[in-house]
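Peer 1: Just passing along the structure, written as structure tokens.
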Amino acid sequence: MKADVVVVGAGLAGLVAMAELVAAGRKVMLLDQEPEASLGGQAWWSFGGLFLVDTPEQRRLGIHDSHELALQDWLGSAGFDREDEDEWGRKWAKAYVDFATYEKREWLHSLGIRFFPVIGWAERGGYLAEGHGNSVPRFHIVWGTGPAIIKPFENQLREGIEKGLVDYRPRHRVDDLIMQDGQVIGVKGSILIGSEAKRGEASSREVTGEFEFTAPSILVTSGGIGANFDLIRKNWPERLGTPPKRMISGVPAHVDGRMLGITERAGGRIVNRDRMWHYTEGIQNWNPVWEKHGIRILPGPSSMWFDAKGQRFKAPNFPGFDTLGTLETIQATGYDYSWFVLTQKVIEKEFALSGSEQNPDLTGKSIKQVLSRILPGPTSPVKAFMDKGEDFVVANTLEELVEGMNQLTGENLINHEDLKRQILARDREITHKFTKDLQITALRGARNYIGDKLIRVATPHKFLESKNGPLIAVRLNIISRKTLGGLQTDLSGRVINASGEYIPGLYAAGEVAGFGGGGVHGYRSLEGTFLGGCLFSGREAGRAIANIKVSTE
């Protein structure tokens, strides 16, 4: 097939762009280094959270949101401060908030995507009104999680193949972009041996042949560097302290950042290399799919958060408030891990795990299973980690808990009397309606939101009262995830070079482009914006390329 466009990467952004191109009657060649089992990339593994503004779901829960408030939150979180590198990121940010307010939900509904009725409140901030964080709950969970987001675009891929508009070629790894007279005219690379690797598993890199394809437009949608720990450490920002010596991985091994370097060699400009998004609440997967496979805890606000030596973090380093702020705080301790200390009552109400595979009720669209979450006890996936996960310590007394924590790390850093003093101090603040403990103020405030009160925030209680036990400690690891910087693009996805000029024929979308413009998030994400960034940037790039006049020669 003589393609109008070659799309490099069959993740969410690539699939969305492909769908827009096929809808316009364009012929697309879709290349990916992984086998077909990994179609959809990281999005398939996701919890399926999307940032939406002023929706019917919000209004039904009494949440009063607006475009102005969302944009204020976005800009306060992004902290754009680089005139040159942030030029297009700012424009993409404004465009994205417009999209999330006025178009996104209706567009997704037209594709058959629906939402869980309770809206999550992620990245709550904890600073002033113009600082970081979501002022209101905006985290809309897709009914069916990540796979349900991928499904309509996978269907469009199959239809495009049947119509002869799409040539999908897995196991085709792009190694270079072909240039001619300053224009990108094609791609060349290696054909990898066929692989039976299941989704997320490492696949062979054995080469069986070569390829070379040309097209008027080349769209790079190859993802970020989340599994490439060498690149993460190389680009680690000084503001976040020393790079972690030990990390676990929130993404499969193929998220390697190769196409960033390849596109840079062709003249593409990478900006904001030091901006990245890694979580601090990672636990080692007891049943790993990929190497160093980590799962992120999505915590409610009640767990007490301590450093490696058992010292409680200061405000606003509370669970779910400021991911990068807490990352900076943890790295300043000189250790790569921290601790949650909580009770059985907290874990059964507040612990959720990120990922489609860790939420079988939502992923399988089982109303019966979802309703079981309100029953006593943690969910089955959380219980499995309590029983089998290497990062969990469960004990009936604080003495036993401290002993288990010290045995787990082998460092004997936790002092029983010191930890007891801090927990008792917190417990004394629970006995009346007044408090100077800002975490208690925050969790009481969270329970003013009906969604949190029903399924997300435990009733405030004393941790050291035996009736609320057993006590639980969770060792939290740094878990790699997203690249916030990337290839600088305009609002059509056209890649820009170091001179600020467009590279003819070259486009980028998704994480490789910092989810738009080389960094739509600035320094911080409001959550639900990574999938959304792939949806939006893939759609915009696909539509822009589709609008290019096709030569009749």
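The values are calculated or read from the model by the stated rules, or taken from the named source; none is laboratory data. Bear in mind that the values here come from a model prediction, so they are computed numbers and not experimental data. All Cβ positions, even for glycine, are placed from backbone atoms using ideal geometry, and neighbour counts span all protein chains on display. Remember, those area values only see protein heavy atoms, side chains included, never the ligands or the DNA or RNA. Shrake-Rupley method; radii C 1.70, N 1.55, O 1.52, S 1.80 Å.
Peer 1: Would you say Lys365 is surrounded by 14 or more Cβ atoms within 10 Å (Cβ to Cβ), basic (Lys, Arg) and more than 23 Å from Pro319 (Cα to Cα)?
Peer 2: So Lys365 fits the description; yes.
Peer 1: In segment 257-284, which residues are under 19 Å from the mean Cα position of the chain (by Cα) and open to solvent by 40 Å² or more (accessible area, probe 1.4 Å)?
Peer 2: Arg273 - this is the single residue of segment 257-284 that is under 19 Å from the mean Cα position of the chain (by Cα) and open to solvent by 40 Å² or more (accessible area, probe 1.4 Å).
Peer 1: When you go through (1) in contact with a helix residue (DSSP H, G or I) (Cβ under 7 Å, 6 or more places away or on another chain); (2) at pLDDT 95 or above; (3) surrounded by fewer than 20 Cβ atoms within 10 Å (Cβ to Cβ) one by one for Tyr523, which number turns out not to apply?
Peer 2: Condition not satisfied by Tyr523: (3).
Peer 1: Report, by residue number, each residue of segment 31-56 that is acidic (Asp, Glu) and either in a loop (DSSP other than H, G, I, E, B) or crowded, with 21+ Cβ neighbours inside 10 Å (or both).
Peer 2: Within segment 31-56, Asp32, Glu34, Asp54 meet the criteria.
Peer 1: I've got another one for you. For segment 250-303, which residues satisfy the criterion of being among the polar types (S, T, N, Q), out of contact with any Asp or Glu (no Cβ under 7 Å at 6 or more places or on another chain) and under 18 Å from Asn228 (Cα atoms)?
Peer 2: Thr263, Thr280
Peer 1: Here's something else I'd like to know. Among all residue pairs at least 6 apart or on different chains, which show Cβ distances below 7 Å where the first residue, located in segment 118-131, is under 22 Å from Leu371 (Cα atoms) and open to solvent by 20 Å² or more (accessible area, probe 1.4 Å) and the second is modelled with pLDDT under 95 and among the charged types (D, E, K, R)?
Peer 2: Trp121/Asp452
Peer 1: Among the residues that make up segment 529-545, is at least one of them touching a helix residue (DSSP H, G or I) at 6+ places or on another chain (Cβ under 9 Å), modelled with pLDDT of 95 or more and assigned to a loop (DSSP other than H, G, I, E, B)?
Peer 2: Yes, some residue in segment 529-545 is touching a helix residue (DSSP H, G or I) at 6+ places or on another chain (Cβ under 9 Å), modelled with pLDDT of 95 or more and assigned to a loop (DSSP other than H, G, I, E, B).
Peer 1: Pick from segment 132-168 the residues that are closer than 30 Å to Ala215 by Cα and part of a loop (DSSP other than H, G, I, E, B): which of them is most open to solvent (accessible area, probe 1.4 Å)?
Peer 2: Taking the candidates together, the pick is Lys163.
Peer 1: Of the numbered conditions (1) of a type outside the set (S, T, N, Q); (2) surrounded by fewer than 22 Cβ atoms within 10 Å (Cβ to Cβ); (3) touching an Asp or Glu at 6+ places or on another chain (Cβ under 6 Å), Leu476 satisfies every one except a single condition; which is it?
Peer 2: (2)
Peer 1: Let me ask something else about it. Where in segment 331-375 are the helices (runs of 4 or more DSSP H), entirely inside, with at least 2 residues that are in contact (Cβ under 8 Å) with a residue 60 or more places away in the chain and within 22 Å of Pro301 (Cα to Cα)?
Peer 2: The qualifying helices (runs of 4 or more DSSP H) are 344-350.
Peer 1: Ala425 is checked against (1) hydrophobic (A, V, I, L, M, F, W, C); (2) within 30 Å of His64 (Cβ to Cβ); (3) surrounded by fewer than 17 Cβ atoms within 10 Å (Cβ to Cβ) and fails just one. What number does that condition carry?
Peer 2: All conditions pass for Ala425, except number (2).
Peer 1: Would you pick out the residues in segment 430-464 that are surrounded by 18 or more Cβ atoms within 10 Å (Cβ to Cβ) and among the aromatic types (Phe, Trp, Tyr)?
Peer 2: Hits for segment 430-464 are Tyr449, Phe463.
Peer 1: While we're looking at this one, here's another question. Select from segment 12-23 the residues that are in contact with a Gly (Cβ under 8 Å, 6 or more places away or on another chain) and more than 18 Å from Val220 (Cβ to Cβ) and list them in ascending order.
Peer 2: Listed by number, the list holds a single entry, Val22.
Peer 1: Looking only at segment 191-201, decide whether some residue is part of a strand (DSSP E or B), open to solvent by less than 10 Å² (accessible area, probe 1.4 Å), in contact (Cβ under 8 Å) with a residue 12 or more places away in the chain and more than 15 Å from Val6 (Cβ to Cβ).
Peer 2: Yes, that holds for at least one residue.
Peer 1: Tally time: how many residues in segment 285-334 are within 30 Å of Gln488 (Cα to Cα), out of contact with any Lys or Arg (no Cβ under 9 Å at 6 or more places or on another chain) and open to solvent by 10 Å² or more (accessible area, probe 1.4 Å)?
Peer 2: Count: 1.
Peer 1: Still on this model: Identify the single condition in (1) open to solvent by 30 Å² or more (accessible area, probe 1.4 Å); (2) in contact with a His (Cβ under 9 Å, 6 or more places away or on another chain); (3) touching a residue at least 24 places away in the same chain (Cβ under 8 Å) that Lys467 does not satisfy, given that it satisfies every other one.
Peer 2: (3)
Peer 1: Do we have any residue at all in segment 98-116 that's in contact with a strand residue (DSSP E or B) (Cβ under 8 Å, 6 or more places away or on another chain), within 23 Å of Gly486 (Cα to Cα), in a helix (DSSP H, G or I) and not β-branched (Val, Ile, Thr)?
Peer 2: Yes, the conditions are met somewhere in segment 98-116.
Peer 1: For the condition touching a helix residue (DSSP H, G or I) at 6+ places or on another chain (Cβ under 8 Å) and in contact (Cβ under 8 Å) with a residue 24 or more places away in the chain, what is the one hit in Ser46, Ser77?
Peer 2: Every option except Ser46 fails the conditions.
Peer 1: Inside segment 445-483, can you point out the residues that are of a type in the set (Val, Ile, Thr), touching a Ser or Thr at 6+ places or on another chain (Cβ under 8 Å) and assigned to a loop (DSSP other than H, G, I, E, B)?
Peer 2: Once the filter is applied, which keeps residues that are of a type in the set (Val, Ile, Thr), touching a Ser or Thr at 6+ places or on another chain (Cβ under 8 Å) and assigned to a loop (DSSP other than H, G, I, E, B), segment 445-483 yields only Val457.
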